[in-house]
Amino acid sequence: MIKSFYLRHIGNRFFFKLLLFYSIIIIATISLLVFVIAYNITTILREQALNYNKQVLQTVSNYFYNQNKNFKKIMNSMYIDGWGKDRQVIYAIQELFKNSKASLGNAQLDEEHISSVRILNDYLSDVVLPSDIDIIDIVVVNPACDFDISASKYISFPKLLDYKETIYKSISVHGKENINRKKSYILSPFKVTDYSNSVNIYGIYDYLRGIDDSSSFIGYMVATYNLDSIKNSYSQFSKYLIGNIMIVSNDGQVIFDSSGKYYSQPFTYFKKINTSTSNSIPDKDYIINSVKNKEFGFTVVGMISKSELYKNVNSLNEFIIVTAIISIMLILALTFLSTNRFSKRVKNIISTLREVQKGNLSARATLKGNNDEIEQISYNLNLMSERLDEYI
């Protein structure tokens, strides 16, 4: 069928053969060009997304590391600053908490205890809170969690009283673990709601060691933070960021999740990330990168959905392909019109030659005034016919 169509419509027509030849070249060239462009764009956008993701991972890792380091520095300063004010603080805490009975919180404090509370309050308000702009509240609490001294940076919402019990409940889960096992502990995120306001909060805490016996503890120090502060740390990348950013502790607890869907549930990819020696974890649905911090025991994870990554790429590739198809159709249409025009002019010459061959010397080829090669052939054919007519 194709062969018969070719022989009937193209086989004996030079210009149609030429059109077919150029059409194949045009389609092949543009198709190759589209493939190269689409491939390069896909590669560039993929690498760009991964680079931004890695930059955000490192930024968040540095931010969270500095937050833990600063909290640890606050605690250490109470032990290593000699006999100055900070050193007095740990003695004040020990004095307050040496009797951890619940009655201490209910009974009227004597003058010595009031002095200890004043020292501790001044330290928390004047030293601890100004040392980190992201701290919302700072709390020092005894082992039984029934007596505490606290300071808050914000008078308005969120209020420490609204979520103090949540903090103590989280601390009690760990119990009296080996207090030297970690440099600090991280509280699971929780939401505090007050009417129309809602704030997601997480906390960092550590054990307050005894002055005479560092293997024992006399209480806890807890600092709380707004989860939005972590988002703000990489806000300069938000416009170009694709995927989800998370902070996961070494026990699989999700501390921060930019998407919000992994809170209060086991993190699906924790085992893969925890056992992997590489920063890139293979997966069929996601591109997963991670930055591990062994000092404070957390991992920052970046998850990019492959469907999300290639969504914009596919849209752009579709636009390129549609543009290429339209371009091919326009080029072929213009080529066909141009070829068809030349073909008609050649047909006119052939028709004139056949008339002359039959003996009709009055037949003349049509002159268009284009002054090209075909026009010159037509002119000379007409001139030849005139002279032959004169001779005969």
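Dipole orientation for the chain: of the candidates Ile201, Ile25, Ser278, Ile25 has the Cα lying most toward the positive pole (charges on Cβ; Lys, Arg +1; Asp, Glu -1). Solvent-accessible area of Ile74, all protein chains in place: 10 Å² (probe radius 1.4 Å, heavy atoms, ligands and nucleic acids excluded). Axis angle, to the nearest 10 degrees, between helix 373-391 and the longest C-alpha principal axis of the chain: 0 degrees. Cross-link pairs exceeding 26 Å in C-alpha to C-alpha distance, out of Lys54/Lys261; Lys183/Lys284; Lys164/Lys272; Lys69/Lys169, comprise Lys183/Lys284; Lys164/Lys272. Here Glu355 sits with roughly 60 square angstrom of accessible surface, probe radius 1.4 Å.
Across every direction, the projection of the convex hull enclosing the Cα atoms of the chain has a mean area of 34.0 nm².
Using a 1.4 angstrom probe on heavy atoms only, work out the carbon and sulfur share of the accessible area of the chain in %. Write down the numbers at each step before the final one.
Numbers: 12590 of 22580 Å².
Carbon-and-sulfur percentage of accessible area, whole number: 56.
Ranking Leu388, Leu33 by solvent-accessible area of protein heavy atoms (1.4 Å probe, all protein chains present), from largest to smallest, gives Leu33, Leu388.
Residue separation of Asn314 and Arg387 scaled by 0.36 nm, minus their Cα-Cα distance, works out to 19.5 nm of gained length. Toward the positive end of the charge dipole of the chain, with +1 on the Cβ of Lys and Arg and -1 on the Cβ of Asp and Glu, the farthest Cα among Asn121, Asn51, Gln94 is that of Asn51.
Dipole magnitude of region 266-392 about its Cα centre, charges +1 at Lys/Arg Cβ and -1 at Asp/Glu Cβ only, in debye to the nearest 20? Provide the component values of the computation, followed by the final result.
Details: 16 positive and 12 negative charges, 102 e Å.
It comes to approximately 480 debye.
The 1.4 Å probe gives accessible areas that order Met246, Met329, largest first, as Met329, Met246. With a simple spin-label model that places each label point 7 Å from the Cα along the Cα-to-Cβ direction, the separation between Asp146 and Ile25 comes to 9.5 nm. Applying the Karplus relation 6.51 cos²θ - 1.76 cosθ + 1.60 with θ = phi - 60° to region 323-336 yields 3J(HN,Hα) values of 4, 5, 5, 4, 5, 4, 5, 5, 4, 5, 5, 5, 5, 5 Hz, where x marks Gly and Pro. May I ask for the longest run of the chain untouched by chymotrypsin sites (Phe, Trp or Tyr not before Pro) that are loop-located per DSSP and have at most 13 neighbouring C-beta atoms (other than their own) within 10 Å? In the chain, the maximal stretch lacking such sites is 241-392. Working note: Karplus 6.51/-1.76/1.60 with θ = phi - 60° gives region 290-304 the couplings 8, 10, 9, 10, 6, 5, 10, x, 9, 10, 9, 10, x, 10, 10 Hz, where Gly and Pro are set to x. Evaluated with a Cβ-only charge set (Lys, Arg +1; Asp, Glu -1), the chain carries a dipole of roughly 2440 debye about its Cα centre, given to the nearest 20.
Give the angle, between 0 and 90 degrees and rounded to the nearest 10, that separates the Cα long axis of helix 85-97 from the longest principal axis of the Cα atoms of the chain. The answer is roughly 70 degrees.
Calculated mean residue ellipticity at 222 nm for the chain: -18000 deg cm²/dmol, from DSSP H runs with n ≥ 4 weighted as -39500 (n - 2.57), summed, divided by the residue count and rounded to 500.
Can you sort Thr193, Thr59 by 1.4 Å-probe accessible area, starting with the largest?
Details: Thr193 90, Thr59 35 Å².
My answer, sorted largest first, is Thr193, Thr59.
Find me the longest stretch of the chain that has none of the exposed trypsin sites (Lys or Arg not before Pro), where exposed means in a DSSP loop (not H, G, I, E or B) with at most 13 other Cβ atoms within 10 Å. The segment 1-97 is the longest one with no such site. Since only Thr339, Ser184, Ala363 are under comparison, the one whose Cα sits farthest along the positive direction of the charge dipole of the chain, derived from C-beta charges on Lys, Arg, Asp and Glu, is Ala363.
The values are calculated or read from the model by the stated rules, or taken from the named source; none is laboratory data. The structure displayed is predicted, hence computed values, not measured ones. Because the Cβ atoms are built from the backbone with ideal geometry, glycine has one as well, and the counts that use them run over all protein chains shown. Only protein heavy atoms, including side chains, enter the accessible area calculation; ligands, DNA and RNA are left aside. Shrake-Rupley method; radii C 1.70, N 1.55, O 1.52, S 1.80 Å.
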